[in-house]
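Chemist: Below is one structure. I have some questions about it.
The values are calculated or read from the model by the stated rules, or taken from the named source; none is laboratory data. Model, not experiment: these values are computed from the prediction. For neighbour counting, all protein chains shown are included, and Cβ atoms are generated from backbone atoms with ideal geometry for every residue, glycine included. Heavy atoms of the whole protein, side chains included, go into the accessibility calculation; ligands, DNA and RNA do not. Shrake-Rupley method; radii C 1.70, N 1.55, O 1.52, S 1.80 Å.
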Amino acid sequence: MKQAFFPTSIISVLMLISGCSAVGVVKSSDPHQKLADADRLVDQNRPTAAERLIVESLSICKEANDQLCFADAYRMYGLFFMSNSFDGQWKQHYIKNGFTEPSVNLENRYSKAIEYLQKSRSIYTQTANYDIVSNLSLNMGFAYEIQGDNPSACTAYDESLRANAENVRINPSIKIVMPEKYGTFENYIQIQKNRALCKSPA
């Protein structure tokens, strides 16, 4: 889930596999493994189990005082709140029980997603991981756009483009692979900006 671009319509279709416990997940004390498992559980539409693993990962990151661990966990939490799991069979569950993160509800989850993505982006910017920074900014753009905040979405898309350019500058041999229908990353971002009715720079 983390690396995939959203389609132009923003909304993606997830597999409807029920279950709220982490059945089939091997117990691990590695926070990155927990996050990988959480990612897979979100794709399987098992959000309660996924959130539990994300929270456990954050606790391990805190104990280790590992900033990159935090960055990865914040990123996963932000993308978790942007998933489609809460629009279908789980909606009533979250209306009744809420999220493990007590400040989040169905109404503000995109704002909270942006908060977590921003925290992740700040750390990854400090460590010059501009490929991840670009992806985080892109997803922030999607979240802003879903909320109807197109000016902020446009800013985020521009930030994604700048981070990608910086990544290419410091890694000139890197090859950005995009689906054929998009061609270049620059063209992909322009498509997002066109949908958000972004103004061209003066």
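Chemist: Check whether at least one residue in region 11-19 is under 28 Å from Tyr188 (Cα atoms) and at pLDDT 85 or above, and report yes or no.
Modeler: The answer is no, given that none of the residues of region 11-19 is under 28 Å from Tyr188 (Cα atoms) and at pLDDT 85 or above.
Chemist: With the structure loaded, tell me whether Ile191 is hydrophobic (A, V, I, L, M, F, W, C), touching a Ser or Thr at 6+ places or on another chain (Cβ under 9 Å), open to solvent by 30 Å² or more (accessible area, probe 1.4 Å) and not in a helix (DSSP H, G or I) or whether it fails that test.
Modeler: Criteria not met by Ile191.
Chemist: Another question about this same structure. Looking at region 120-140, can you tell me whether even one residue there is among the aromatic types (Phe, Trp, Tyr), surrounded by fewer than 23 Cβ atoms within 10 Å (Cβ to Cβ) and either at pLDDT below 95 or part of a helix (DSSP H, G or I) (or both)?
Modeler: Yes, region 120-140 has at least one match.
Chemist: So how many residues does region 38-50 have that are surrounded by fewer than 22 Cβ atoms within 10 Å (Cβ to Cβ) and part of a helix (DSSP H, G or I)?
Modeler: Number satisfying all stated conditions: 5.
Chemist: On to the next question. Given the condition charged (D, E, K, R) and farther than 27 Å from Asp66 by Cα, answer yes or no: does some residue in region 106-128 qualify?
Modeler: The answer is yes, given that some residue of region 106-128 is charged (D, E, K, R) and farther than 27 Å from Asp66 by Cα.
Chemist: Which condition does Met82 not pass, out of (1) open to solvent by 60 Å² or more (accessible area, probe 1.4 Å); (2) over 19 Å from Ser29 (Cβ atoms), if it passes all the others?
Modeler: If we test Met82 against (1) open to solvent by 60 Å² or more (accessible area, probe 1.4 Å); (2) over 19 Å from Ser29 (Cβ atoms), just (1) comes out false.
Chemist: Does region 71-80 contain any residue that is basic (Lys, Arg) and touching a residue at least 60 places away in the same chain (Cβ under 8 Å)?
Modeler: For region 71-80, residues basic (Lys, Arg) and touching a residue at least 60 places away in the same chain (Cβ under 8 Å): present.
Chemist: Sort out which residues of region 85-107 are open to solvent by 10 Å² or more (accessible area, probe 1.4 Å), free of Cβ contacts under 8 Å to residues at least 40 places away in the same chain and of a type outside the set (Ser, Thr, Tyr), and write them in order of number.
Modeler: Residues satisfying the conditions are Asp87, Lys91, Gln92, Ile95, Lys96, Asn97, Gly98, Pro102, Asn105, Leu106, Glu107.
Chemist: Of all residues in region 141-173, count the ones that are outside any helix (DSSP H, G or I) and under 21 Å from Glu115 (Cα atoms).
Modeler: Selection size over region 141-173: 3.
Chemist: Separate question: Just give me the residues in region 73-104 being over 17 Å from Asp43 (Cβ atoms), part of a helix (DSSP H, G or I), touching a helix residue (DSSP H, G or I) at 6+ places or on another chain (Cβ under 7 Å) and not hydrophobic (A, V, I, L, M, F, W, C), in sequence order.
Modeler: Matches in region 73-104: Tyr74, Tyr94.
Per-residue answers, yes or no, for (1) at pLDDT below 95; (2) open to solvent by 20 Å² or more (accessible area, probe 1.4 Å); (3) over 26 Å from Asp72 (Cβ atoms):
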site: Lys112; (1), (2), (3): no, yes, no
site: Pro151; (1), (2), (3): no, yes, yes
site: Ala163; (1), (2), (3): no, no, no
site: Lys199; (1), (2), (3): yes, yes, yes
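Chemist: The conditions are (1) part of a helix (DSSP H, G or I); (2) open to solvent by 60 Å² or more (accessible area, probe 1.4 Å); (3) in contact with a helix residue (DSSP H, G or I) (Cβ under 7 Å, 6 or more places away or on another chain), and Ile176 fails exactly one of them. Which is it?
Modeler: It is condition (1) that Ile176 fails.
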